[in-house]
Amino acid sequence: MQWLNWCWINGWDDRTSGIYKPHGQRICPSYGKIGFRSCLRDRALIQTIKVFGGTSHPELTESICAYLGIQPGGVKIDAFPDGEKLIKLEDDVRGKDCFVIQSTCFPVDENLMELLIFLDCLKRASAAKITAVVPYFGYARQDRKDEGRVPITAKMVANLIATAGADRVVSIDLHAAQIQGFFDIPMDHLGAEPVLARYFRGKKIKDLTVVAPDVGNMKTASKYAMALGGELAIIHKRRISGSEIESTEVIGDVEGRNIVMCDDLISTAGTVCGAAKLLKSRGAKNIIVGATHGVLAGKAAERLNDAPFDEVIVTDTIPRHDGTRAIKNIKVLTVSELLGEAIKRIHRNESISSMFNQNY
Ligand code: R5P
């Protein structure tokens with residue numbers, strides 16, 4: 001029972017209160033959990049699985065391992081003076097089912113390269129199966145040639161991950177679901193809806209309209225509208241540059257309504273802030289924005305603080321960096337149970353889709 005004590009000593013799983021706080025991260029306790037059963041007593045899991053984390057988000061790796069009731073795999077990640085990375089596994093992985101958790105968030109190229117090196121390292125150490133768990137898949141927005149002489153970087157990154165040694169990939173809310181097809185290996189595309197919808201439902205919002213801040217988010221918004229029992233509206237958005245957008249028109253009824261706006265990610269926050277201002281000008285009441293990935297780059301913090309949001313909800317697929325700590329009304333929900341459950345099911349060859357069959 002040494003492993004179980006280790007979890008308790010580290011305060012990772014307070015099963016009496018149900019409140020889970022990895023390393024002081026500010027995670028909304030009552031809504032972060034989505035109700036999957038923890039695996040804390042599964043000894044078989046402990047013997048056959050290895051879960052490693054890169055340096056992009058150690059807290060998330062720890063949270064996932066706490067859910068699985070295992071310790072993160074031992075690894076030393078160093079950099080040579082010129083910046084080249086060196087990874088050395090401290091645990092034997094021969095014949096093991098290995099998972100590497102690494103979000104390819106800022107610094108994107110460094111985190112991506114580290115993931116590739118990690119995969120190569122596991123392959124050469126004779127892991128039986130290797131799964132790259134990439135909660136936030138960077139470069140996903142470069143998924144097509146929308147003008148001449150540009151790359152399709154999302155496809156190139158998918159190729160790199162497979163070539164480096166991954167047998168399978170897990171990610172959450174890719175910018176476009178079709179990116180799954182860029183991988184020539186099995187890909188499990190998870191949605192953060194169970195986590196976010198549970199939070200929204202807990203607020204019992206009256207006169208609710210769910211808003212898609214652009215056409216790309218229409219399908220997601222309609223799923224939320226159905227799950228939460230609200231109306232649906234959509235905003236027409238025109239992108240002027242990488243960081244500037246214009247929200248021009250709302251289709252749907254927003255006057256006197258409370259709004260939940262859904263996006264896959266908030267980067268510079270131009271999209272959601274433009275949408276919020278337009279909604280207010282059309283008579284919307286309270287506005288909550290929920291996005292899976294809090295990229296929060298550039299002027300995002302400043303813009304979100306100036307915009308008429310009552311709450312900004314993101315998940316912990318990306319760690320919060322210093323510049324975003326000043327965002328008022330921000331709440332971070334954890335996807336650690338979602339990912340932990342997916343890892344457990346992949347390891348046991350169980351269905352992933354049935355995780356999402358319930359009406360969240
Ligand atoms: C757009 O297609 C995406 O769904 C997001 O709305 C967009 O990438 C967010 O970017 P930003 O926060 O910079 O407007």
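Computed quantities for the displayed model
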| quantity | calculated |
| --- | --- |
| Leading residue by the ranking (farthest from residue 162 (Cα to Cα)) among those in the range 177-192 that are surrounded by 15 or more Cβ atoms within 10 Å (Cβ to Cβ) and within 15 Å of the ligand (Cβ to nearest atom) | 192 |
| Pick from the range 96-129, criterion over 20 Å from residue 63 (Cβ atoms) and of a type in the set (Gly, Ala, Ser), ranking: surrounded by the most Cβ atoms within 10 Å (Cβ to Cβ) | 127 |
| Counted residues, the range 162-176 - those being out of contact with any strand residue (DSSP E or B) (no Cβ under 7 Å at 6 or more places or on another chain) and buried (at least 18 other Cβ atoms within 10 Å of the Cβ) | 2 |
| Filter pass, residue 298 being closer than 24 Å to residue 171 by Cβ, in a loop (DSSP other than H, G, I, E, B) and in contact (Cβ under 8 Å) with a residue 40 or more places away in the chain | yes |
| Which listed residue, of 289, 210, 312, 254, is assigned to a strand (DSSP E or B), more than 9 Å from the ligand (Cβ to nearest atom), over 26 Å from residue 104 (Cα atoms) and modelled with pLDDT of 95 or more | 210 |
| Any hit, the range 47-66, residues being farther than 30 Å from residue 163 by Cβ, at pLDDT 75 or above and not polar (S, T, N, Q) | yes |
| Looking only at the range 117-161, and only at residues there that are among the polar types (S, T, N, Q) and more than 16 Å from the ligand (Cβ to nearest atom), the one that is nearest to residue 347 (Cα to Cα) | 131 |
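Quick grid of which residues meet (1) under 30 Å from residue 226 (Cα atoms); (2) among the hydroxyl-bearing types (Ser, Thr, Tyr):
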| residue | (1), (2) |
| --- | --- |
| 129 | no, no |
| 149 | no, no |
| 163 | no, yes |
| 173 | yes, no |
| 181 | yes, no |
| 191 | yes, no |
| 196 | yes, no |
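The values are calculated or read from the model by the stated rules, or taken from the named source; none is laboratory data. Keep in mind the model is a prediction, meaning the values are calculated, not measured. FYI the Cβ positions are ideal-geometry reconstructions off the backbone, even for glycines, and counts take in every protein chain you see.
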